[in-house]
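Since the structure comes first, as structure tokens, the remarks are kept for the end.
All of the numbers you see were taken from the coordinates with simple rules; none came from a lab. What you are looking at is a predicted structure, and each value in this text was computed from that prediction instead of being measured. Heads up, the Cβs are rebuilt from the backbone with ideal geometry, glycines too, and the neighbour counts pull from every protein chain shown.
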């Protein structure tokens with residue numbers, strides 16, 4: 001491992017509310033020769049909760065051992081050490097995700113950044129980093145999340161008491177929270193953040209793929225953009241499961257009028273701000 005090189009790598013964080021197309025965004029980034037972005041990371045919880053707890057327990061152990069032995073004063077980890085270890089873990093994750101490629105940007109895809117509003121935390125650790133967030137119509141997000149939860153959790157319907165409307169209201173509030181987090185960070189640090197919409201990437205791929213790569217200041221040659229569009233075409237991945245439909249308005253076919261009203265009641269103001277036309281709000 002080239003430790004000096006590891007310290008010098010530049011990071012780009014790809015994120016968004018879950019089921020908003022973050023995996024699609026990750027694939028777009030990872031298919032550019034100057035960018036890497038592996039499938040998944042789950043680092044924010046590790047760095048802000050699990051790592052500090054682990055080191056706190058370690059400190060307690062070495063302090064105890066020191067006191068019952070020579071009592072010389074135990075060397076313990078400080079809060080600043082935790083930050084440095086965290087920085088190392090994130091850069092190592094980005095480096096390993098490139099699988100040996102030397103690229104301009106090393107990507108970290110982590111939806112927790114948006115869910116837990118971890119932007120300021122990471123901005124302080126990596127002031128040179130960039131962030132790309134993806135936004136999707138909340139009506140499509142709740143439909144996608146509904147099918148995803150049914151597929152991966154056998155007890156999902158039982159756990160929500162078979163109350164789909166109540167769950168949809170919960171999911172809509174999560175979308176509202178997450179995207180307010182994303183937009184507020186963009187307003188705070190606009191030069192470091194690029195926001196894209198799932199629908200734009202599908203319906204006007206060339207223009208919007210190009211905008212992403214212009215933000216990263218990497219090659220935007222027309223032929224290269226067309227190659228990346230072909231490699232990330234939804235038809236290549238559609239499996240009826242995780243990559244289920246890839247449509248921009250399937251919610252029209254799958255949500256009842258009452259369910260649409262539920263989403264729009266929660267999200268309507270932000271939807272209109274983002275250009276998503278409401279039906280009832």
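Can you tell me which residues in the range 94-119 are part of a helix (DSSP H, G or I) and either surrounded by fewer than 22 Cβ atoms within 10 Å (Cβ to Cβ) or out of contact with any strand residue (DSSP E or B) (no Cβ under 8 Å at 6 or more places or on another chain) (or both)?
Going through the range 94-119, the residues part of a helix (DSSP H, G or I) turn out to be 94-97, 112-115, 119.
Within the range 94-119, 95, 96, 97, 112, 115 qualify.
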Inset, instruction - Among the residues of the range 51-77, write down those that are farther than 23 Å from residue 89 by Cα and part of a loop (DSSP other than H, G, I, E, B). - result: 69, 70, 71, 72, 73, 74
Legend entry - Spans of helices (runs of 4 or more DSSP H) in the range 152-216 with at least 2 residues touching a residue at least 60 places away in the same chain (Cβ under 8 Å) and closer than 27 Å to residue 31 by Cβ: 164-188, 198-203, 205-215
Legend entry - Top-ranked residue in the range 120-131 [being assigned to a helix (DSSP H, G or I) and in contact (Cβ under 8 Å) with a residue 60 or more places away in the chain; ranked as surrounded by the fewest Cβ atoms within 10 Å (Cβ to Cβ)]: 120
Legend entry - Single residue of the range 6-52 satisfying the filter (without any contact (Cβ under 8 Å) to a residue 12 or more places away in the chain and more than 14 Å from residue 113 (Cα to Cα)) that is surrounded by the fewest Cβ atoms within 10 Å (Cβ to Cβ): 8
